[in-house]
Amino acid sequence: MSAPVTSNVPRLKERYHSEVKAKLRERFGITNDLALPRLMKITINMGVGTAVENKSRVETAAKDLAMISGQRPTVRKAREAISAFKLREGMPIGCAVTLRGARMWEFLDRLISVVLPRIRDFRGVKDRLDGRGNYTLGLAEQTVFPEIELDKIDFVQGMDITFVTTATTDEQGYFLLKELGMPFVQREAGDGKKSKKKAS
């Protein structure tokens, strides 16, 4: 007798196909599934400003980012020299990683359900998108990720996490990410403005 087949589809990807797509169709009147807004990729960028004084900090940040994302990051180098900041062209100044497919969905799931709730006094994330349906979230330190052991960090390092979608408007991008579980600060119903009461 063969073993039962188990689904390896990430939970949020499954939710997108089983629930979110129908809500997108209804909300925006989109009949073609290929035109429905979807999440394309997530990029995580760590700019290490102190790398000018200590080159090894980029390597340390890259190790932390690898643990956080489950993927080896690329090192970012300065494109030009800036003498006032003692910055030379080609000097390592940060690291970044781009997540797609299953890793993207699994990272988003962990971020929403585990990481953000660990932030002290968390009341929701700002809801300002970039005008093209993409959203960037800034985190002040890497220690909010459970993969990072507090007693082993050398320095606190922040990051920017960008969610790139196929949405054509901020309204579509906001609705997509909200339905996937992004805990945006609550808006007043109907007018699209943020309410004074924040989401918990």
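Values quoted throughout were computed directly from the atomic coordinates according to the rules given, and no laboratory measurement underlies them. Fair warning: this is a prediction, and the values are worked out from it, not measured in the lab. Neighbour counts are summed over all protein chains in view; Cβ atoms, including those assigned to glycine, are modelled from backbone coordinates with ideal geometry.
A few comments on the model shown:
- Cut-off 12 Å between beta-carbons: net charge of the residues surrounding Met159, Lys and Arg +1, Asp and Glu -1: -3
- Residues whose amide H lies under 5 Å from that of Gln186, counting only those 5 or more places away or on a different chain, are Ala199; hydrogens are built 1.01 Å from N in the peptide plane.
- ³J(HN,Hα), Karplus 6.51/-1.76/1.60, whole Hz, each residue of region 98-110, x for Gly, Pro: 10, 9, 9, x, 4, 4, 4, 5, 5, 5, 4, 4, 5
- Taking Lys and Arg as +1 and Asp and Glu as -1, the other residues whose beta-carbon sits under 13 Å from that of Glu26 total +2.
- In sequence order, region 30-46 has phi-based couplings of 8, 9, 8, 4, 5, 8, 5, x, 8, 7, 8, 7, 10, 10, 10, 10, 10 Hz under the Karplus curve 6.51 cos²θ - 1.76 cosθ + 1.60, θ = phi - 60°, and Gly or Pro positions carry x.
- Rounded to the nearest Hz, the phi-derived 3J(HN,Hα) couplings of region 170-179 under the Karplus curve 6.51 cos²θ - 1.76 cosθ + 1.60 (θ = phi - 60°) are 5, 4, 5, x, 4, 4, 4, 5, 5, 5, where x marks glycine and proline.
- Full extension of the chain between Gln71 and Asp130 yields a length gain of 18.6 nm, computed as 0.36 nm times the residue separation minus the alpha carbon distance.
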